[in-house]
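The structure appears below as structure tokens.
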């Protein structure tokens, strides 16, 4: 049986699935869970387990899952995270318990191969799905909350099994798949119709969900990290080795096609030597963006630092910046937006509907069309300010609790 890893209160244990089942009955967990859902009383959720499923190994999503776990703790729930066995985010240990048990998000593929064969993907997914089902049976939660797909083509099979055991809630971070094909959209439609409740972070995202899948999701606020320490601008710039006096724009995170870095390259071409300094920090994920990155590297005002950026590096970059750039062509939201809110650094965002709504609704910065001339004018003029007031964890937890109660009622009624 595949091993599971539990990290709780800063300690690490190595347990098999059978041991987890036994531990779930130990005094350590006494009173937390007695059985599968046995009542439709919404108050029965209080003090009970909620399993959060997130196969991501690094990046913004595991941090998001950790924030949700903290929010659920704040309203009296007992979150348990089923995370990747290669999870690289220590802060996720803020959750009540973290089981590092899911195969890594990236499919294993032969060395030098561009794609993973379908049969390997299927085997990997089957192993991951098996771990999820065994863990849910062992942990006996009141709710299963999926934060990220394991495999969009195969996940409906897993959801059909899980919804027979327990109510399932799904957070849709990107309403439409980055693959815009008709088949991909149809798969998304089927997926969104299986959970008892779907959550989104903006009204435009909810409208898109209704149009695509005929599902009315619940709109909840995006959590924002409560940072214990944020470096001041001077010390952050000194740590990064950037000019302490010049205006600095940053773009951080995984470099993907949908994030639209071509707009940044076009804007810096327009500005020439009048451009502010620009720091690009992140891992190049989509090779289609390499040409754009090469253009940026050739600009004298641009510092491109490729490679996975740690949480500490991202916070330092945003703290050092005068403005955070979000030039997205598509996508529903941005982890960089909410990290900028946590640090109180303003953002400049494209007018992509769902992201623009999040920026405007939170007072995080300014929204502009994807026009290099307009971006150039703002970047060399008066910059926007950040007036965002992040919601406290308990407020986010209450919104999730409301969604869980609805899911519980629908599951009993179904």
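The figures follow:
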read-out	value
Unmet requirement for residue 205, which otherwise passes all of (1) assigned to a helix (DSSP H, G or I); (2) touching a residue at least 60 places away in the same chain (Cβ under 8 Å); (3) crowded, with 20+ Cβ neighbours inside 10 Å; (4) over 18 Å from the mean Cα position of the chain (by Cα)	(4)
Residue check, residue 344 surrounded by fewer than 24 Cβ atoms within 10 Å (Cβ to Cβ) and modelled with pLDDT under 95	yes
Scope the range 372-413; condition touching a helix residue (DSSP H, G or I) at 6+ places or on another chain (Cβ under 6 Å) and within 30 Å of residue 246 (Cα to Cα); matching residues	372, 375, 376, 388, 390
Among the residues listed as 364, 376, the single one being surrounded by 19 or more Cβ atoms within 10 Å (Cβ to Cβ) and under 17 Å from residue 338 (Cα atoms)	364
Any hit, the range 226-233, residues being surrounded by 16 or more Cβ atoms within 10 Å (Cβ to Cβ), in contact with a strand residue (DSSP E or B) (Cβ under 8 Å, 6 or more places away or on another chain) and part of a loop (DSSP other than H, G, I, E, B)	no
Filter result (modelled with pLDDT under 95 and part of a helix (DSSP H, G or I)) within the range 296-311	311
Members of the range 154-197 found to be more than 26 Å from residue 396 (Cβ to Cβ), modelled with pLDDT of 85 or more and assigned to a loop (DSSP other than H, G, I, E, B), listed by number	154
In the range 287-304, the residues that are under 17 Å from residue 253 (Cα atoms) and in contact (Cβ under 8 Å) with a residue 24 or more places away in the chain	288, 289, 292, 293, 296, 302, 303, 304
Any hit, the range 164-174, residues being touching a helix residue (DSSP H, G or I) at 6+ places or on another chain (Cβ under 6 Å) and farther than 27 Å from residue 67 by Cβ	no
Scope the range 265-287; condition farther than 13 Å from residue 379 by Cα and in a loop (DSSP other than H, G, I, E, B); matching residues	283, 285, 286
Among residues of the range 276-317, those that are under 20 Å from residue 225 (Cβ atoms), surrounded by fewer than 19 Cβ atoms within 10 Å (Cβ to Cβ) and touching a strand residue (DSSP E or B) at 6+ places or on another chain (Cβ under 9 Å), counted	2
Candidate set: the range 215-225, residues that are in contact (Cβ under 8 Å) with a residue 24 or more places away in the chain and either part of a loop (DSSP other than H, G, I, E, B) or within 16 Å of the chain's Cα centre (by Cα) (or both); chosen: the one surrounded by the fewest Cβ atoms within 10 Å (Cβ to Cβ)	221
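The values are calculated or read from the model by the stated rules, or taken from the named source; none is laboratory data. Keep in mind that this is a model prediction, so the values were computed, not measured. With ideal geometry, Cβ positions are generated from the backbone for all residues, glycine too; neighbour counts draw on all protein chains shown.
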